[in-house]
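The structure appears below as structure tokens.
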Amino acid sequence: MAGQGRWVIDEYRTASGNRPIRAFIDSLERRDLADALALIKLAEEQGNRLRGPHSKSLGDGLYELRGKQVRIFYVFGPGRGVITLLSGIIKKQDRIPESALTQARRFKADAEARTKKPQNV
């Protein structure tokens, strides 16, 4: 695990270098920003021990950090003790919009494909 029990928080980058989670965080208003930063700190401190109500599995290795309205999608990154933040939304309804889930799953698949190491190098 990353030093002293803390997890390393990483940001997913698209092939063109964009960081969707950074764009999301930069767009937040004060209250939602404080909520997002508190969730990220909690993930850094608790990692894979984090449970509801602050974390929920969305299946197939995709998870969400859950605040009042803030949702941050994440995966456990390559190596031990790494959490990769993918993207986020402000959730104003009971269900996560399917388009947000589809996008997070696409980011997850891309991140996994680009971090696989070549066989027999």
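Here are some notes:
- Multiplying the residue separation of Arg31 and Gln69 by 0.36 nm and removing their Cα-Cα distance gives an extension gain of 12.7 nm.
- Under 5 Å from the amide H of Glu11 lie the amide H atoms of Leu85, each residue being 5 or more positions distant or on a separate chain, with H modelled from the backbone and absent for Pro and chain starts.
- Ratio of the Cα radius of gyration of the chain to 2.2 N^0.38 Å, where N counts its residues: 1.04
- Each of Phe76, Ile21, Tyr63 was placed along the dipole of region 3-113 (beta-carbon charges, centred on the mean Cα), and the one lying farthest toward the positive end is Tyr63.
- Charged side chains reduced to their Cβ positions (Lys and Arg at +1, Asp and Glu at -1) give region 24-112 a dipole of some 280 debye around its Cα centre.
- For the chain, lysine pairs separated by 8 or more sequence positions, or belonging to different chains, with Cα-Cα distances below 29 Å total 19.
All of the numbers you see were taken from the coordinates with simple rules; none came from a lab. As the structure is a computational prediction, the values presented were derived from the model and not from experiment. Using ideal geometry, Cβ is built from the backbone for each residue, glycine included, and neighbour counts are taken over all protein chains shown.
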